[in-house]
Amino acid sequence: MHRYDQEDLAGPYQADVWAVSDRTPLLQGHCSTMGDKIGISQQTLVSNAEFSSNGKKLPQYIAAIAATLGSLAFGAVLGWSTSGGDGGIDLAAEYNITISSSEFSWIGSITNLGAAAVCVPFGVLMDLIGRKPSMLLLVAPFLVGWGLIIWANSVVMFYVGRFILGVSGGAFCVAAPVYTGEISEPSVRGTLGSYFQLMLTIGILFSYTLGAFAPIKTLSIVSAIIPLIFFAVFFFMPESPAYYLMKNKDDLARSSLLRLRGPAYDIEQELQAKKDTIAEEVKNKASFLEAIRTQVARKGLIVAFGLMMFQQLSGVNAIIFYTGSIFGEGGSMSSETSTIIVGVIQVVAVFASTLVVDKLGRKILLISSSTVMTIGAFTVGIYFYLSHTGVDVSAYNWIPLIAVSLFIFMFNLGLGPIPWMMVGELFAPQIKGIAGSSACLFNWIMAFLVTKFYSDLVTAFGNYTTFWIFSVVCALSIVFFVFVVPETKGKTLEQIQQEMGAVPAPPPTSNTIKV
């Protein structure tokens, strides 16, 4: 059974947000090669604080939803292989192609490699031609990938098609969160940042539901239409004002910001603050190797890579892999129905996360989700162990059902979306692009390894031992979240950097506005 191709959902979760950009608001740190000093102009800090929540929110919500329609398209890609049947038997029958279980495993997991391959180069492309044009260009590889799958007559065509779809979707994991981050105000930063995963899980649910009632080729055709819908809607959205300012196109930046904040908003103050930020960045820009030597940058990398590692090793893919067998243990629920239930749980959990992430904070959601996931994975391990030893567990079917449902819900509430969101809040602008791309690459490689070799782990140690291992990993993540991960809710980049060990630069001697 290859139900764990939903696994991919843990990788992309949800939003690869490394660009804090203007939403924090983006405040430039001074990076010194003589010590760990990263500071922000006090004038820039104050002026950003003054306009942090005065603009209209509706245009920002609309632009964020339009941008994350690409995430919905990628969600359909991630949920697609579930319709292939156990070991790809249904896919092979419909296409009249011989597909082994190993080949079907590659068909599912190769998407992760495509996503990993595009993380770094696509970040460069966005800086060259802009956020909006880069995202619109992704429609072409989406269509090519789906075309190869729709008209596939060999396993190789499936490989190539799925890899290209991984490239397209992985690029959206970079682009959509960056775009939503740069157009949003701090007061709605967490909510808009969660839209990426919300739309991703909606796309996965869409694929599960349609795949349960329609042939997989029909699912592929319908899924290929979603990128076209994204193009038609996002075409009319504004470019990121931060990108225009980077290119010294002040008039275009002013027009873009006016569309995003509304006509009653004083855009000149925010524009000037952003221009000051960019000027400081150019003035104090250091090489990546110089910047990475600082204590705060090293700690940021530890936090980012730790978040990604615990996300992938949490066991969510294994739990989802066994969902069909657990839910169907009593014979009252088909695997198709249980899969749809999983999809619904994911959507509800991510939607709940969008409502509370800016109220409760990142750490409390991370700790809460990992705590419940620790208990859930341990409980499922006990269930499988008792079943393995011949104990009649039929009277206790409700226990694993509740454990699995809570595990999936809590993952999507905290450990799923928040690591991607926090990566964008941990780094100074000098290293944000490379550090964020590296974290993205690491996450997708981890997703591939877990996806491809999970079954080998079960074969070697047994499913119950594997779940207990995941339970231990989740427990260790709690310690990591409590003692290592900083809280970033409602804080500026300077405040976050200082909490990780940066020393603030002294304020200017003149033209300083006091808080």
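The values are calculated or read from the model by the stated rules, or taken from the named source; none is laboratory data. It should be emphasised that the depicted structure is a prediction, and the values quoted were computed from it without experimental measurement. Using ideal geometry, Cβ is built from the backbone for each residue, glycine included, and neighbour counts are taken over all protein chains shown. These area figures cover heavy atoms from the full protein model, side chains too; ligands, DNA and RNA do not enter into them. Shrake-Rupley method; radii C 1.70, N 1.55, O 1.52, S 1.80 Å.
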Task: With DNA, RNA and ligands ignored, accessible area of residue 157 (1.4 Å probe; Å², nearest 10) - done: 50
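Using the structure shown, select from 249/299; 249/363; 57/132; 359/452 the pairs with a Cα to Cα distance greater than 31 angstrom.
Numbers: 249/299 35 Å; 249/363 38 Å; 57/132 20 Å; 359/452 37 Å.
Too far apart for the 31 Å limit: 249/299; 249/363; 359/452.
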TODO: Find how much the distance from residue 484 to residue 128 grows on full extension, using 0.36 nm per residue of separation minus their present alpha carbon separation; answer in nm with one decimal.
DONE: 124.7 nm
TODO: Tell me the label-point distance for the pair residue 457, residue 159, using the 7 Å Cα-to-Cβ offset, in nm and rounded to one decimal.
DONE: 2.5
TODO: Note the full-extension length gain between residue 236 and residue 388 as 0.36 nm times their separation in residues minus their Cα-Cα distance, in nm to one decimal.
DONE: 49.0 nm
